[in-house]
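Step one of this worksheet: look at the structure below.
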């Protein structure tokens with residue numbers, strides 16, 4: 001009997017212990033969920049304004065896109081795309097920006113970190129001790145800012161104060177030297193101290209009549225220096241982290257190069273010792289080699305962990321389909337005629353009800369891959385890669401696929417996406433490029449006209465696309481219109497003064513004026529010593545000038561860079 005009671009007691013005791021453990025595990029799990037800290041960001045960049053009286057800015061939109069891409073990177077915290085609200089140009093209206101802050105206010109908890117980034121115009125003359133409450137949004141009227149703006153900084157300050165959230169604020173501001181604006185803003189409009197730790201960096205230099213020209217022609221702005229600092233140049237103690245205090249020290253000692261455009265940089269953070277960036281060693285080496293860093297695509301898919309959880313519960317056929325989709329993207333088998341390809345597999349996956357929560361993620365993956373493929377060709381061309389330049393000359397079949405890739409990417413992302421304009425511009429660029437090569441082969445003037453029409457259409461979507469301006473110049477050069485060709489080559493140079501290709505094209509175009517051709521050829525080779533076309537053009541110019549020794553040296557240089565370059569031989 002005692003044994004029986006002992007057995008019952010033992011069973012009950014073990015059950016009680018087990019239940020306690022389950023409750024503890026559940027409690028710890030709930031506690032862990034409560035303590036999970038997320039980071040949310042609102043990133044705003046406005047280059048184009050509705051009011052024609054407000055001069056457009058060159059880089060504000062791209063600054064915001066660059067910052068958003070950095071947030072998706074390891075150094076910026078690997079934020080999922082769903083946690084970043086990116087508003088640019090026509091999306092960045094007064095109401096959308098205000099609603100974005102309100103929307104985040106509804107989902108954050110006390111420990112979540114908030115980031116606010118704004119690049120665009122601030123009201124009135126900007127000074128290092130004054131940050132205006134009223135910024136210019138896309139739909140803000142020029143002369144009556146109060147009618148189309150609101151105190152965004154006060155709105156954000158109220159949010160973080162009410163919920164006591166850790167925060168980071170970055171404002172990269174340009175001044176609008178508008179007299180009526182100053183009269184409409186009373187001294188009380190300028191900010192009181194809203195944030196605990198602040199950094200001001202003023203590089204307004206002067207308020208001359210050339211200011212707006214400077215904003216749109218200078219190669220660098222303060223955001224370039226900010227990104228350099230966040231990527232690691234501000235890491236003073238070499239612990240592979242950048243704190244807010246280190247960021248302040250970096251700007252205290254920063255000597256801005258003369259080619260940097262005017263502006264005001266304002267930063268604020270909840271704690272001065274907050275670590276706001278992780279150093280990416282590979283990227284920092286790139287910067288120190290004076291090259292632009294390569295950030296993750298701003299269409300980066302955010303659902304890897306979510307995908308794995310859902311996929312692991314599905315049958316083997318679906319799991320195999322998913323794996324084949326990822327492998328096809330990895331191999332670059334994106335569309336027909338490749339079989340299998342990621343596009344066909346995506347269509348098959350869309351038929352499964354179980355995969356519906358993931359289809360938008362898969363579309364983003366494929367869209368990003370399609371864009372990356374075409375971007376590599378453009379990047380290689382911008383960098384004067386010899387194999388890419390020769391591939392264009394040889395007109396390889398794969399080159400014809402880029403317009404299809406871009407059209408598919410546009411379909412996947414949809415028109416409202418902030419990448420829409422640049423994708424359309426690139427699509428028309430490749431369509432026009434292929435048409436020009438077709439015209440060269442057939443010698444039909446009508447095809448040159450069609451090529452020009454396509455490039456001009458692309459320019460409507462992206463007016464500052466220097467690669468399109470350069471291609472328009474190439475069409476005019478091919479149709480014996482040298483003055484128009486020079487005009488567009490020079491426009492490309494104004495937008496990208498460090499790009500070698502337009503200079504080498506000008507050197508070739510000016511071949512009947514050897515002195516001028518030598519001048520452009522020297523500039524092209526100075527900007528990019530690996531530009532084989534530049535060395536060949538420079539060599540030809542020396543040849544026309546009866547300078548055989550320098551001509552031979554240039555031709556040999558081109559051949560060493562690209563042994564298959566027959567024209568140099």
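The values are calculated or read from the model by the stated rules, or taken from the named source; none is laboratory data. Predicted model, so just to flag it, every value in this text is computed and none were measured. Backbone-built Cβ (ideal geometry, glycine too); neighbour counts: all protein chains shown.
Does residue 529 qualify as being assigned to a helix (DSSP H, G or I), in the same structural domain as residue 482 (by TED's automatic domain parsing) and without any contact (Cβ under 8 Å) to a residue 12 or more places away in the chain? No, not satisfied. Within segment 234-241, at least one residue is under 22 Å from residue 201 (Cα atoms), assigned by TED's automatic domain parsing to the domain that holds residue 82, surrounded by 15 or more Cβ atoms within 10 Å (Cβ to Cβ) and modelled with pLDDT under 90.
Which count do you get for residues in segment 400-421 that are at pLDDT below 75 and surrounded by fewer than 21 Cβ atoms within 10 Å (Cβ to Cβ)? Residues that pass the stated criteria total 5. Candidates in segment 255-272 are the residues that are in contact with a helix residue (DSSP H, G or I) (Cβ under 6 Å, 6 or more places away or on another chain) and assigned to a loop (DSSP other than H, G, I, E, B); of these, the one that is surrounded by the fewest Cβ atoms within 10 Å (Cβ to Cβ) is 272.
Would you mind stating whether residue 533 is in contact with a helix residue (DSSP H, G or I) (Cβ under 9 Å, 6 or more places away or on another chain), closer than 28 Å to residue 446 by Cα and at pLDDT 95 or above?
Values: in contact with a helix residue (DSSP H, G or I) (Cβ under 9 Å, 6 or more places away or on another chain): yes; closer than 28 Å to residue 446 by Cα: yes; at pLDDT 95 or above: no.
Here the answer is no, as residue 533 does not meet what is asked.
So which helices (runs of 4 or more DSSP H) are wholly in segment 463-522 and hold at least 2 residues that are within 21 Å of residue 450 (Cβ to Cβ), assigned by TED's automatic domain parsing to the domain that holds residue 536 and in contact with a helix residue (DSSP H, G or I) (Cβ under 8 Å, 6 or more places away or on another chain)? Can you show your working first?
Working: elements: 466-478, 482-495, 501-509.
Counting at least 2 such residues, we get 466-478, 482-495.
Assigned to a loop (DSSP other than H, G, I, E, B) and over 17 Å from residue 168 (Cβ atoms), is that true of residue 111? Show your work before the answer.
Numbers: assigned to a loop (DSSP other than H, G, I, E, B): yes; over 17 Å from residue 168 (Cβ atoms): no.
It is false that residue 111 is assigned to a loop (DSSP other than H, G, I, E, B) and over 17 Å from residue 168 (Cβ atoms).
Of the candidates 173, 116, the single residue that is in contact with a helix residue (DSSP H, G or I) (Cβ under 7 Å, 6 or more places away or on another chain), in the same structural domain as residue 250 (by TED's automatic domain parsing), buried (at least 17 other Cβ atoms within 10 Å of the Cβ) and modelled with pLDDT of 60 or more is 116.
For segment 133-165, which positions are in a loop (DSSP other than H, G, I, E, B) and modelled with pLDDT under 80? Please lay out each step first, then the result.
Of all residues in segment 133-165, those in a loop (DSSP other than H, G, I, E, B) come to 133, 136-144, 148-150, 164-165.
Matches in segment 133-165: 133, 141, 142, 143, 144, 148, 149, 150.
One residue stands out in segment 460-497 among those that are within 22 Å of residue 47 (Cα to Cα) and over 19 Å from the mean Cα position of the chain (by Cα): the one that is modelled with the lowest pLDDT, namely 497.
Test residue 489 against the criterion of being surrounded by 18 or more Cβ atoms within 10 Å (Cβ to Cβ) and either farther than 18 Å from residue 537 by Cα or touching a residue at least 60 places away in the same chain (Cβ under 8 Å) (or both), and give yes or no. Judged against the criteria, residue 489 is not a match.
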